[in-house]
Every structure is written in C-alpha cells, then in structure tokens.
C-alpha cells in the first residue's frame, strides 16, 4: 500500500488575511517593492489589452475590406454569367451553316518534303532513277502484281521507301512493256498499282 504525501511540514505556516498589517516574518521594504512591481505589471497588462483592442479594430477593418471584395467579386460573377447567357443566346440566333454547327475534329497536316531535295539535271535524275530501280526492282514488281487494295496498302506501309516518284515511274514503264508484249491482264494489275502510288 502506498503512503500519501505528508503535509505536516506546512501546518505551522503563518498566513495573514489582512494586507495592511505586515507580518513580522516579512521584510517591509521587500514587500513594498514587490507590491510596486505587481502594480506595474498589472498596468502593463492593461496596456497590452489596449493594444489587443487596437489589433481587434485592425482585424475588423481588414475583415470589412475582405467582405467588400467578396461582394464585388460576386457582382462580377453575376455580370459574367449574364454575359455568358447573352453570348449563348446570340450564338443560337446565328444562321446554320458549316462554320457554325461543325467543330474541328483534329488539325494535323503532315508534309513529306525533304529540305535537301535538289532539282538536278536530267542526267542526275536518270541516274537516281536507275539506282533506285536496280535496288528495289523485285519489291516494285511484287507490289505491282498485288490484286487487292488492302494488300497493296499493307505492302506500302511495310515498305515505305517505295512510296515515291521513282516507284510510280517504274510501274508505268512496266505497264508499257506489258502493253507492247500484249499481256493486257498483267498490264491492268500494274496499272492499278500505279494508280495507288502517289505521283
């Protein structure tokens, strides 16, 4: 069992109820200094309370400013809403045409133009065509013999280097050769492939 706190040491403390009469155990000069200090502290706390009152007034003025700003913003919002409604009404009054009822789905254009493209002499163009044909003759012939549109598209997407003017020119040459040899069925297929090729 724990023992409580022994308060018997404080049983003989002298406590005075009367402030005017000083205790014989207290030095009077120290008591007066202490009372003077306490009164100064209470006066300074009154000053702080006054300062707090000023701070409260500043807070109130700032609160009023903020409230007036909020009211002004609400008025601006209402006027903006009215302007938006008026704009919508004006938009409904416009005549219906492509510009007013349709919206742009996407806006992207890709141009396949190389900046290093040079306009050379005729000999240079012929040499370029020859080297291209020598390099890709089998692939161009295979592309020319494809019968279905989807197959042709897939082949060109798998071989994008064939999408050029040289391929179209070589397909025309093949068509002319077939026509000279009177192989019209093959010429028709090559002609279709030639039409697929952009010039």
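Coordinate-derived values only; no laboratory data. On a predicted model such as this, the values are computed, not experimentally measured, just so you know. We place every Cβ from the backbone using ideal geometry, glycine too, and count neighbours over all the protein chains shown.
How would you rank 176, 113, going from fewest to most other Cβ atoms within 10 Å of each one's own Cβ? Mind showing how you got there, number by number?
On the way: 176 12, 113 6.
Sorted ascending by nearby Cβ count, the order is 113, 176.
Quick one: order 175, 43, 164 by neighbouring beta-carbon count within 10 Å, fewest to most.
Numbers: 175 20, 43 10, 164 15.
With the sparsest Cβ surroundings first, the list reads 43, 164, 175.
Can you put 167, 3 in order, fewest other beta carbons within 10 Å first?
Numbers: 167 25, 3 5.
Ranking 167, 3 by Cβ neighbours within 10 Å, fewest first, gives 3, 167.
How would you order 60-70, 136-146, 88-98 from highest to lowest mean count of nearby Cβ atoms within 10 Å? Could the numbers behind the result be given before it?
On the way: 60-70: 10.0, 136-146: 16.7, 88-98: 8.2.
The densest-packed peptide leads the list: 136-146, 60-70, 88-98.
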Legend entry - Rg over Rh [alpha-carbon atoms, Kirkwood Rh] for region 75-117: 1.38
